[in-house]
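The structure appears right after this line, and notes come after that.
The values are calculated or read from the model by the stated rules, or taken from the named source; none is laboratory data. These figures come from a predicted structure and were not determined experimentally. Counting neighbours? That spans all protein chains shown, and the Cβs are built from the backbone with ideal geometry, glycine included. Calculation scope for accessible area: heavy atoms of the full protein, side chains included, ligands and nucleic acids excluded. Shrake-Rupley method; radii C 1.70, N 1.55, O 1.52, S 1.80 Å.
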Amino acid sequence: MGKFKRAFVIVLDSYGIGQEPDAADFGDGECNTLKSIVGSSKYDTPNMKKLGLFNIDGVGCGEPVEKPLGSFARLRELSRGKDTTTGHWEIAGIVSERPMPTYPDGFPADLIAKLEKAFGKKILCNKPYSGTAVIHDYGQEQEKTGGLIVYTSADSVFQIAANEADVPVDELYGYCKTAREILQGEHGVGRVIARPYVGKFPDYQRTSRRHDFSLDPTGDTMMDALRRKGLDTIGVGKISDIFAGRNVSRSLGINKDNVDGMEKTLKVMDEDFEGLCFVNLVDFDMQYGHRRDIDGYANAATVFDKQLGEFMAKMRDDDVLMITADHGCDPGAPGTDHTREYIPLLIYGKHVKEGVNLGTYPTFAMIGATISDMFDCDLKTKGESLLPRFIQD
Ligand SMILES: O=P(O)(O)O[C@@H]1C[C@H](O)[C@@H](CO)O1
Ligand SMILES: [Mn+2]
Ligand SMILES: [Mn+2]
């Protein structure tokens, strides 16, 4: 066994650090999620700062520290997408050369007809929409007609929203599974997402029983490589959903919120597993990024940073921590969609050199390649291992 026994990879969903050179191809101009939240009075992340967050190439905000505790890098996305599935798959090693289908004008009529027949229900809306606005605007029609609210975004997603009082969650999951089977090939959207909500007009509330039904990963992932050697691959939050469950040896399930996700992760630290603990903290994106709530996002970053302090204090000598993201969702940008941004990579542990600026790399898959290298596995990926550059001899 090499120097590392447990690798914790924590994805702060949508925590981008500045627009990528090809941001305009994705409809984005100047954008920088980190810069937007650093400006808020709610933002205070001493631990991320100590690790070297503001020492990363081009972050363009915050104060760099003299002696960062971690090694750090800026990663570019090679895949042609700026969504959660594409981003997590690339972190794990897969570069998606072809963009997944998106529907800026809604889903085609013949596809809607096929889905309505399969559901036995009417489809309402069928437009790109913000998920909180769509239930406000269509919730009454949903109650009156018993139809299903279908909507999308700039991402490759097919989202179904319904009031739990009319459509029990398990029934909603059933419709999503049916849609997943139909939405393949040319219409193989990255995710079908169940969006249950409760309440009466105009006070609807989305519940935490969101569930993402992803496409099967289209290439080799770091979980596949680690499982080929019988190592553990634990998922916290929606990691298992994002990879359609493939080679996630144990899933701790959807988090109630980020605090719950970090509490679960802190508990995993008491276990003697060997391999990867892969964590997604989605509130940054879902609760604040898409809602363009700068102070909310900044406060979530501050709350996470406190739990990060607990995590760092609890690490063992043969642990390694990587903190990263999967795309941007700049709360200071126009609209409500993701933004095409570089992601940060902070690496910390007893066997990790302090203060090494690893620079900028062309793909998120550097992470998957590095994890595979740490455990002497054989991941097939375009990423290259950063291990030789930061490992403490
Ligand atoms: O329902 P909302 O507006 O939160 O949907 C967002 C848009 C993204 O495509 C989806 C997955 O991140 O969440
Ligand atoms: Mn995401
Ligand atoms: Mn999102």
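Computed extension gain for Glu274 through His136, at 0.36 nm per residue and net of the alpha carbon distance, reaches 45.0 nm. Out of every Cα pair in the stretch 282-348, what percent are spaced more than 15 Å from each other? Of all Cα-Cα pairs in the stretch 282-348, 59 percent lie more than 15 Å apart. In plain terms, the chain from Val169 to Asp110 could stretch by 18.6 nm, reckoned as 0.36 nm per residue minus the Cα-Cα distance.
Among the lysines, which have Cα under 22 Å from the Cα of Lys121 when same-chain residues fewer than 8 positions away are ignored? Of all the lysines, those that pass the test against Lys121 - Cα under 22 Å, at least 8 places apart if same chain - are Lys144, Lys177, Lys200. GNM on the chain, alpha-carbon springs under 10 angstrom: the most fluctuating residue among Ala23, Ala118, Ala244 is Ala118.
A straight chain from Leu78 to Ala244 at 0.36 nm per residue would run longer than the Cα-Cα distance by 57.6 nm. Computed from the alpha carbon atoms alone, the convex hull of the chain holds 125 Å³ per residue.
A quarter of the convex hull surface defined by the alpha-carbon atoms of the stretch 213-356 gives 9.7 nm² as the mean projection.
Across all directions, the shadow cast by the convex hull of the stretch 271-393 built on its C-alpha atoms averages 8.9 square nanometres. Pick from Met366, Met312, Met374 the residue whose mean-square fluctuation is largest in a GNM of the chain, springs joining Cα atoms under 10 Å. Evaluated over the chain, the most mobile residue of the options is Met312.
Where the alpha-carbon atoms of the stretch 109-214 are placed on the principal axes, they occupy 38, 24, 24 Å, in descending order. Converting phi to 3J(HN,Hα) with the Karplus coefficients 6.51, -1.76 and 1.60 and the offset θ = phi - 60°, the stretch 252-267 yields 8, x, 4, 7, 4, 6, 4, 4, 4, x, 6, 5, 4, 5, 5, 6 Hz in sequence order, with x at every glycine or proline. For the stretch 109-214, which whole percent of the accessible surface, found with a 1.4 angstrom probe, sits on carbon and sulfur atoms? Carbon with sulfur: 51 percent of the solvent-accessible area. Legend: P(r) of the stretch 172-271 from all alpha carbon pair distances, 10 Å bins from 0, whole percents, reading 14, 36, 33, 14, 3, 0. Heavy-atom accessible surface of the chain, averaged per residue, reaches 38 Å², computed with a 1.4 Å probe.
Using just its DSSP H runs of length 4 or more, each adding -39500 (n - 2.57), the chain gives a mean residue ellipticity at 222 nm of -8500 deg cm²/dmol after division by all residues. For the chain, averaging the sequence separation of C-alpha pairs within contact (under 8 Å, six or more residues apart) and dividing by the residue count gives a relative contact order of 31 percent.
Determine, from the Cβ-Cβ distance of Lys350 and Thr207 and an R0 of 41 Å, the FRET efficiency 1/(1 + (r/R0)^6), rounded to the nearest 0.05.
Result of the calculation: an efficiency of 0.50.
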